[in-house]
There are 2 protein chains.
Amino acid sequence: MEQQETTAAHIIALECAALEGWNRGNPSAYLDLYAPEITYFDPFQEKRFDGIETMQVFYESLRGQISVEKYEMIDPTVQLHDMTAVLTYNLNSWAGGDLFRWNCTEVFRQQPDGSWKIIHNHWSFIKPLG
Amino acid sequence: MEQQETTAAHIIALECAALEGWNRGNPSAYLDLYAPEITYFDPFQEKRFDGIETMQVFYESLRGQISVEKYEMIDPTVQLHDMTAVLTYNLNSWAGGDLFRWNCTEVFRQQPDGSWKIIHNHWSFIKPLG
């Protein structure tokens, strides 16, 4: 149990570090966390993105474009099973005076070297239709 | 490799059966597939739902309320690692003359008896803000 809590805290710390980079316009920490097989949904795309090369092109196009002043990660939960960890949380992000409210899913997979990489990421807005 | 393809096809068949029940207003197949630990996002909720009891109350409140005439599952992909399978796809659903376009994530976990259960489900709209 103690080991599980340590792993869950590690997963959440990885996500917070990536998110804090993102909030300053730097996608590198997310790109470093994504596994080659990454699949990805967000509310601005027509279709799922597949693979790290697609994500590199997409995220590099946004480098320096994002500035989130403050965020609140709400009730993060890690469902840990062996080498898979499903992190889910709600997120409040404040940018340019606006509040953006998100649902977030990150599926992490432990690699042979012991590190954890994200194999799936799904971002969506909370109640986008009001 | 052959076993992996068989498992992926099985996961997709489980999802299609649950979805077809749902489309006829019957949530039972999804409820049967959800593990006790299920976590859940959809675009109509303020916050993540946690646990099968919450999902039972929610889905039973929708029983008989849904009628989807036709659906198209677009490019389903299964990322299979040992006892975890991440199914992702885009979905077109036609209901009452309207087309609803979805992103879907289903994280399956194989149980000790060999069956597969969903431990996380995330539904969102494609480009809800246009």
(request) Go through the range B:12-38 and give me each residue that's under 17 Å from B:Q111 (Cα atoms) and touching a Phe, Trp or Tyr at 6+ places or on another chain (Cβ under 7 Å). (result) B:L14, B:Y30, B:L31
(request) Test each condition in (1) within 10 Å of another protein chain (Cβ to nearest Cβ); (2) in contact with a helix residue (DSSP H, G or I) (Cβ under 9 Å, 6 or more places away or on another chain); (3) of a type outside the set (G, A, S) for A:R109 and report the one that comes out false. (result) (2)
(request) Return yes or no: is B:V78 in contact (Cβ under 8 Å) with a residue 40 or more places away in the chain and either closer than 29 Å to A:T84 by Cβ or away from chain A (no Cβ under 14 Å) (or both)? (result) yes
(message) Please go through (1) closer than 23 Å to A:V107 by Cβ; (2) crowded, with 16+ Cβ neighbours inside 10 Å; (3) among the hydrophobic types (A, V, I, L, M, F, W, C) for B:V68 and return the number of the only condition it doesn't satisfy.
(response) (1)
(request) Output the number of the condition that A:Q111 fails; it satisfies all remaining conditions of (1) over 14 Å from B:T39 (Cβ atoms); (2) surrounded by 20 or more Cβ atoms within 10 Å (Cβ to Cβ); (3) not hydrophobic (A, V, I, L, M, F, W, C). (result) (2)
(message) Can you list residue pairs whose Cβ atoms sit under 6 Å apart, with the first residue in the range A:41-70 being touching a residue at least 60 places away in the same chain (Cβ under 8 Å) and within 14 Å of chain B (Cβ to nearest Cβ) and the second being of a type outside the set (S, T, N, Q) and surrounded by 12 or more Cβ atoms within 10 Å (Cβ to Cβ)? Count only pairs 6 or more apart in sequence or on different chains.
(response) A:F41/A:R48; A:F41/A:H122; A:D42/A:W123; A:P43/A:F125; A:P43/B:P128
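Out of the residues in the range B:118-130 meeting the condition of being in contact (Cβ under 8 Å) with a residue 60 or more places away in the chain and surrounded by fewer than 19 Cβ atoms within 10 Å (Cβ to Cβ), tell me which one is farthest from the other protein chains (Cβ to nearest Cβ). Before the answer, list the steps.
The first filter runs over the range B:118-130 and keeps only residues in contact (Cβ under 8 Å) with a residue 60 or more places away in the chain, leaving B:118-125, B:128.
Still in the list and also surrounded by fewer than 19 Cβ atoms within 10 Å (Cβ to Cβ): B:125, B:128.
Working: B:F125: 6, B:P128: 4 Å.
Filtering first and then ranking leaves B:F125.
Conditions (1) within 16 Å of B:V86 (Cβ to Cβ); (2) surrounded by 17 or more Cβ atoms within 10 Å (Cβ to Cβ), marked per residue:
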| position | (1), (2) |
| --- | --- |
| B:E15 | yes, yes |
| B:L19 | no, yes |
| B:R24 | no, no |
| B:L33 | yes, yes |
| B:I38 | yes, yes |
| B:F41 | yes, yes |
| B:E46 | no, no |
| B:D50 | no, no |
(message) Just to be sure before I move on: is A:Q111 more than 21 Å from B:H122 (Cβ to Cβ) and in contact with a Lys or Arg (Cβ under 7 Å, 6 or more places away or on another chain) in the structure I sent?
(response) yes
(request) Report yes if A:L87 is aliphatic (A, V, I, L, M) and more than 23 Å from B:P76 (Cα to Cα), otherwise no. (result) no
(message) I'd like to know if the range B:91-103 contains one or more residues that are within 15 Å of B:L14 (Cβ to Cβ), within 10 Å of another protein chain (Cβ to nearest Cβ) and surrounded by 15 or more Cβ atoms within 10 Å (Cβ to Cβ).
(response) no
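Do you know which residues across the range A:75-115 are among the aromatic types (F, W, Y) and touching a His at 6+ places or on another chain (Cβ under 7 Å)?
We begin by selecting, within the range A:75-115, every residue among the aromatic types (F, W, Y); these are A:89, A:94, A:100, A:102, A:108.
Within the range A:75-115, no residue meets the criteria.
Where a number appears in this text, it was derived from the coordinates with a stated rule and is not lab data. Since this is a predicted model, take the numbers as computed values, not measurements. No Cβ is skipped: glycine too gets one built from the backbone with ideal geometry, and neighbour counts run over all protein chains shown.
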